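Peer 1: Right, I'll just put the structure down here and ask away after.
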Amino acid sequence: MRIALFATCIVDAMYPSTARATVSILERLGHEVIFPAGQACCGQMHVNSGYFKEALPVVANHVKAFEADEYDVAVAPSGSCVASVKHQHPMVARRCGDAGLEARAAAVGGKTYELSQLLVDVLGVTDAAAQLGSYFPHRITYHPSCHGMRLLRLGDRQLDLLRSVGGIELAELPEAEQCCGFGGTFSMKNADVSSAMLADKTANICGTGADLCAGGDASCLMHIGGGLSRQSSGVTTMHFAEILASTLENPAAVTGDVRLTTGRTAR
Amino acid sequence: MSGTFLGMPSLPVFGIGNLHEHEPFPKAARRELGNTQLRANLGHATRTIRDKRLAVVSELPDWEELREAGRAIKESVMARLPELLEEFEANFTARGGTIHWARDAGEANGIVASLIRDQGADEVVKVKSMATQEIGLNEYLEEQGIAAFETDLAELIVQLDHDKPSHILVPAIHKNRSQVRDIFLREMEGVDPELTNEPARLAAAARAHLRRKFLSAKVAVSGANFALADSGTLAVVESEGNGRMCLTLPETLITVMGVEKLLPAWEDLEVFMQLLPRSSTGERMNPYTSLWTGVTPDDGPQNVHLVLLDNGRSAALADEMGRSALHCIRCSACMNVCPVYERTGGHAYGSTYPGPIGAILSPLLTGITAEENNSLPYASSLCGACYDACPVKINIPDILVHLRGEDVDSKRGKKRLPSQMDLGMKAASWALSSGKNLGLVEKALPLGRIAAGPDKKITKLPGIAAGWTQSRDIPAPPSQSFRQWWDKEHQAPAAPAASGTAAPGPKENP
């Protein structure tokens, strides 16, 4: 299968190791990964902040970039960005009166999958240790991000994949389905409420005794990880793609409270 | 703006009354977050109701179908509201009731006061009602020399304490029983000075107090949960029976109801009587459901009035994206699952309608350009828990985003200087609208690494970004973006091919 990777802006710029792990997983399964060069961002920060006019060129760019190449499916390591591509892009085009873009956006959205959706529903991955060689000997907990859970209905796909990783120990996160308080610009506009939500989330995470909290959205993980770092908790966050990509020979390292990614790791 | 009356009012007519923030939400929220009693009570109460709701909802195999039916019925009501209102009016009138049409809160208050005066009364008993809170009826009546006594236990507590409800279903959720005892001792006439904080003793004191009022009042004022167009019937759904007392004992009954409460027919109650109790109190059925159809000679109230209230509802109905907010049946399920509401409580929203539904309904009723209400649509992380809990499937997150868009658009070109948010969004729109632009921006990542310093984290940012760093660090950016790495990998075909099976290697900590 020829798979177009939508890295998402935050992963591209801040967490390149998550995108590289995604490439590594898909290539291990024997698929060809392409990276449409025109891609940038899904535009949900603009949409969710009410800046529809400013969102339109971002949405139009995404549609154009993912029309430019031939591929079977597109994938992104983010529930939130995929939900935006699928649900928000046609709405933004409609609201800005561009019926042509609306139809094109719906077509791109129809071919776009969140990573665990693609792995489980399309590529038939049920046992990460056996099918991907995944090995990660750490005690972890897992936060299901809101948009993956409620807009894409991912259910336990990410969690089930993590459970099947060799050597892993999974601690259940109390009140897992409560939002971490990120919410894009909400974290700045309503910083006090956002921080109060984060404090409850990080307390629950630390209470599990896990070394790190895994999740499927780099933005939520940056938020949770930023809080854990500020509290000097010693607990970190990691995208589930990196845990799936980790093997006995090339283990993903857990590196303290704010995880540092250099983008210069082996493929 | 002219102070002179110039004839027909301009359209749309927006709502007035207790629908406004008193201060921007973030400011009110900050104060309420500091109230540890409130946080503890709310956390406990919302968690309890949340769990009860989940339990009774999961017993119904057709819950999702019921939600869909509720949504569809409400959507059809909104699509033919004028016709259904006229049908209701004809049936209600034919059975001896009198209909009054109120364009806004001021008209409704005036109608109710004059109906009370017609009976020569100077006090009324009240059934818990959101609509009369919305229009500020109690305060208006007080100005007119008419005392209004709330008879719902929690409303009574709040009223005696000269406070405001903080939850539409559990109005005194922010008070504990010792606080309630203190309020009773201070404010309740003839109360036993030895009153303890035992719930049974508190309930008995309230009961004795309320019985005196029920038996002496000539006029009752109520709201309504539903109105059935095909028969002209009104319905009130409650738990305590105090509503039933109000609805049956006084000679005159005046009901104030928003026009959106209409249902086409009796059989529609089948759907809503399954949805409402389960969603609100987490019960299979509420203890008291009262239905009345006009006047029954020599039985119950002999003067039956209904004030049909618009107060911004027509304006909300005109908003294609927002109109489904009018489907709301005031169950409060959205509040009980909302992580923002759970932490700030209802007072932070200012309006009679707090929580997720309040954050859309209040600005829809008053108009988003009402400056006092333009921070409400931002009072959400868009987690979506409210949409999942809503028994009539109001897509609250989508309407929040829609109203944010209306707010941003309404301010374009009107500000003397663009805000930091405006500038940031504009810059980001450029950076994120092509791969080339984003690639250019990513060339600056090493600068971020320098800013992060030896601790490899950014702990303090200026301006609006300071909101982030008040409780969160930002990691040092990577030395190269994914895009840069990909380009290097794929432009040099002579380079040793990657194995394609190895995982990312150990992280480097330069």
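Peer 1: Taking segment B:430-461 only, how many residues are in a loop (DSSP other than H, G, I, E, B), more than 8 Å from chain A (Cβ to nearest Cβ) and surrounded by 14 or more Cβ atoms within 10 Å (Cβ to Cβ)? Let's see the steps before the verdict.
Peer 2: Step one: list which residues in segment B:430-461 are in a loop (DSSP other than H, G, I, E, B), which gives B:432-434, B:443-444, B:453-456, B:459-461.
Cutting the leftovers down to more than 8 Å from chain A (Cβ to nearest Cβ) gives us B:443-444, B:453-455, B:460-461.
Adding the requirement that they be surrounded by 14 or more Cβ atoms within 10 Å (Cβ to Cβ) leaves B:461.
Here the count works out to 1.
Peer 1: OK, next. Which pairs turn up if I take residues in segment B:39-60 that are farther than 13 Å from B:MET335 by Cα and look for partners that are in a helix (DSSP H, G or I) and charged (D, E, K, R) with beta carbon separation below 6 Å, at least 6 apart in sequence or on another chain?
Peer 2: B:VAL56/B:ARG278; B:VAL57/B:ARG278
Peer 1: Right, something else. If you scan segment A:20-38, which residues turn out to be within 20 Å of B:LYS443 (Cα to Cα) and in contact with a Lys or Arg (Cβ under 9 Å, 6 or more places away or on another chain)? Show your work before the answer.
Peer 2: Quick first cut of segment A:20-38, residues within 20 Å of B:LYS443 (Cα to Cα) only: A:20, A:35-38.
Matches in segment A:20-38: A:ARG20, A:PHE35, A:ALA37, A:GLY38.
Peer 1: Among residues belonging to segment B:418-429 that are closer than 23 Å to A:GLN39 by Cα and not hydrophobic (A, V, I, L, M, F, W, C), point out the one that is farthest from the other protein chains (Cβ to nearest Cβ).
Peer 2: Let us first name the residues in segment B:418-429 that are closer than 23 Å to A:GLN39 by Cα, namely B:423-429.
Right, trim to not hydrophobic (A, V, I, L, M, F, W, C) and you get B:424, B:426, B:429.
Details: B:GLY424: 9, B:LYS426: 6, B:SER429: 4 Å.
Looking at residues that are closer than 23 Å to A:GLN39 by Cα and not hydrophobic (A, V, I, L, M, F, W, C), I get B:GLY424.
Peer 1: Further, regarding this structure: Under the condition of being of a type in the set (S, T, N, Q) and surrounded by 17 or more Cβ atoms within 10 Å (Cβ to Cβ), which residue from segment B:71-130 is farthest from B:PRO165 (Cα to Cα)? Even if it seems obvious, please write down each step before you answer.
Peer 2: Residues of segment B:71-130 of a type in the set (S, T, N, Q): B:76, B:91, B:93, B:98, B:109, B:114, B:119, B:129.
Narrowing further to those that are surrounded by 17 or more Cβ atoms within 10 Å (Cβ to Cβ): B:91, B:109, B:129.
On the way: B:ASN91: 34, B:ASN109: 20, B:SER129: 11 Å.
The extreme case among them is B:ASN91.
Condition check ((1) in contact with a helix residue (DSSP H, G or I) (Cβ under 8 Å, 6 or more places away or on another chain); (2) not polar (S, T, N, Q); (3) not in a loop (DSSP other than H, G, I, E, B)) across all residues:
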site	(1), (2), (3)
B:ASN18	yes, no, no
B:HIS22	yes, yes, no
B:GLY43	yes, yes, yes
B:LEU54	no, yes, yes
B:VAL57	yes, yes, yes
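Peer 1: Something else now. Within segment B:415-429, restricting attention to residues that are under 17 Å from B:SER375 (Cβ atoms) and part of a loop (DSSP other than H, G, I, E, B), which residue is modelled with the lowest pLDDT?
Peer 2: B:LYS415
Peer 1: Being out of contact with any Leu (no Cβ under 6 Å at 6 or more places or on another chain) and crowded, with 20+ Cβ neighbours inside 10 Å, is that true of even one residue in segment B:191-198?
Peer 2: Scanning segment B:191-198 turns up no residue that is out of contact with any Leu (no Cβ under 6 Å at 6 or more places or on another chain) and crowded, with 20+ Cβ neighbours inside 10 Å.
Peer 1: Tell me the residue from B:ALA315, B:ALA333, B:ALA325 that is surrounded by fewer than 22 Cβ atoms within 10 Å (Cβ to Cβ) and among the hydrophobic types (A, V, I, L, M, F, W, C), please.
Peer 2: When all the criteria are applied, what remains is B:ALA315.
Peer 1: Quickly run through segment B:239-279 and pick out the residues that are of a type in the set (Asp, Glu) and either modelled with pLDDT of 95 or more or closer than 21 Å to B:GLY312 by Cα (or both).
Peer 2: Applying the first criterion (of a type in the set (Asp, Glu)) to segment B:239-279 yields B:240, B:251, B:260, B:267-268, B:270.
B:GLU251, B:GLU260, B:GLU267, B:ASP268, B:GLU270 - these are the residues of segment B:239-279 that are of a type in the set (Asp, Glu) and either modelled with pLDDT of 95 or more or closer than 21 Å to B:GLY312 by Cα (or both).
Peer 1: On to the next question. Would you confirm whether or not segment B:325-335 contains a residue that is touching a helix residue (DSSP H, G or I) at 6+ places or on another chain (Cβ under 9 Å), among the basic types (Lys, Arg) and either under 15 Å from B:VAL392 (Cβ atoms) or assigned by TED's automatic domain parsing to the domain that holds B:SER222 (or both)? Even if it seems obvious, please write down each step before you answer.
Peer 2: At the first step, the residues of segment B:325-335 found to be touching a helix residue (DSSP H, G or I) at 6+ places or on another chain (Cβ under 9 Å) are B:325-335.
Still in the list and also among the basic types (Lys, Arg): B:330.
After this cut, where a residue has to be either under 15 Å from B:VAL392 (Cβ atoms) or assigned by TED's automatic domain parsing to the domain that holds B:SER222 (or both) as well, the list is B:330.
Looking for residues that are touching a helix residue (DSSP H, G or I) at 6+ places or on another chain (Cβ under 9 Å), among the basic types (Lys, Arg) and either under 15 Å from B:VAL392 (Cβ atoms) or assigned by TED's automatic domain parsing to the domain that holds B:SER222 (or both), one finds at least one in segment B:325-335, hence yes.
Peer 1: Here's a follow-up. For segment B:263-315, name all the residues that are within 20 Å of the chain's Cα centre (by Cα) and part of a loop (DSSP other than H, G, I, E, B).
Peer 2: Hits for segment B:263-315 are B:THR281, B:GLY282, B:ASP310, B:ASN311, B:GLY312.
For every residue, the table says whether it meets (1) within 7 Å of another protein chain (Cβ to nearest Cβ); (2) in contact with a Cys (Cβ under 9 Å, 6 or more places away or on another chain); (3) assigned to a helix (DSSP H, G or I); (4) not polar (S, T, N, Q).
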| position | (1), (2), (3), (4) |
| --- | --- |
| A:ARG20 | yes, no, yes, yes |
| A:GLY30 | no, no, no, yes |
| A:GLY38 | yes, no, no, yes |
| A:PHE66 | no, no, yes, yes |
| A:VAL82 | no, yes, yes, yes |
| A:MET91 | no, no, yes, yes |
| A:ARG104 | no, no, yes, yes |
| A:ALA107 | no, no, yes, yes |
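Peer 1: Does segment B:72-81 contain at least one residue that is touching a helix residue (DSSP H, G or I) at 6+ places or on another chain (Cβ under 6 Å) and farther than 30 Å from B:TYR341 by Cβ?
Peer 2: No, segment B:72-81 contains no residue that is touching a helix residue (DSSP H, G or I) at 6+ places or on another chain (Cβ under 6 Å) and farther than 30 Å from B:TYR341 by Cβ.
Peer 1: Would you say A:ALA176 is surrounded by fewer than 24 Cβ atoms within 10 Å (Cβ to Cβ), within 17 Å of the chain's Cα centre (by Cα) and part of a loop (DSSP other than H, G, I, E, B)? Steps first, please.
Peer 2: Numbers: surrounded by fewer than 24 Cβ atoms within 10 Å (Cβ to Cβ): yes; within 17 Å of the chain's Cα centre (by Cα): yes; part of a loop (DSSP other than H, G, I, E, B): yes.
Against the criterion (surrounded by fewer than 24 Cβ atoms within 10 Å (Cβ to Cβ), within 17 Å of the chain's Cα centre (by Cα) and part of a loop (DSSP other than H, G, I, E, B)), A:ALA176 qualifies.
Peer 1: Can you pull out every residue in segment A:221-260 that is crowded, with 24+ Cβ neighbours inside 10 Å and either aromatic (Phe, Trp, Tyr) or touching a His at 6+ places or on another chain (Cβ under 7 Å) (or both)?
Peer 2: A:LEU221, A:ILE224, A:PHE240
Peer 1: Do we find that B:ALA79 is in the same structural domain as B:ARG284 (by TED's automatic domain parsing) and among the small types (Gly, Ala, Ser) in this structure?
Peer 2: Numbers: in the same structural domain as B:ARG284 (by TED's automatic domain parsing): yes; among the small types (Gly, Ala, Ser): yes.
So B:ALA79 passes the test.
Peer 1: One residue is enough: does segment B:27-41 have a residue meeting the conditions in contact with a Ser or Thr (Cβ under 6 Å, 6 or more places away or on another chain) and acidic (Asp, Glu)?
Peer 2: yes
Peer 1: Do the conditions hold for B:TRP468, that is, is it at the interface with chain A (Cβ under 7 Å from one of its Cβ atoms) and at pLDDT 95 or above? Outline the logic, then answer.
Peer 2: On the way: at the interface with chain A (Cβ under 7 Å from one of its Cβ atoms): yes; at pLDDT 95 or above: no.
Considered against the rule, which asks whether it is at the interface with chain A (Cβ under 7 Å from one of its Cβ atoms) and at pLDDT 95 or above, B:TRP468 comes out as no.
The values are calculated or read from the model by the stated rules, or taken from the named source; none is laboratory data. Just so we're clear, the structure is a prediction, and the values are computed from it rather than from any experiment. Please note: Cβ atoms are built from the backbone with ideal geometry, for glycine as well, and neighbour counts cover all protein chains shown.
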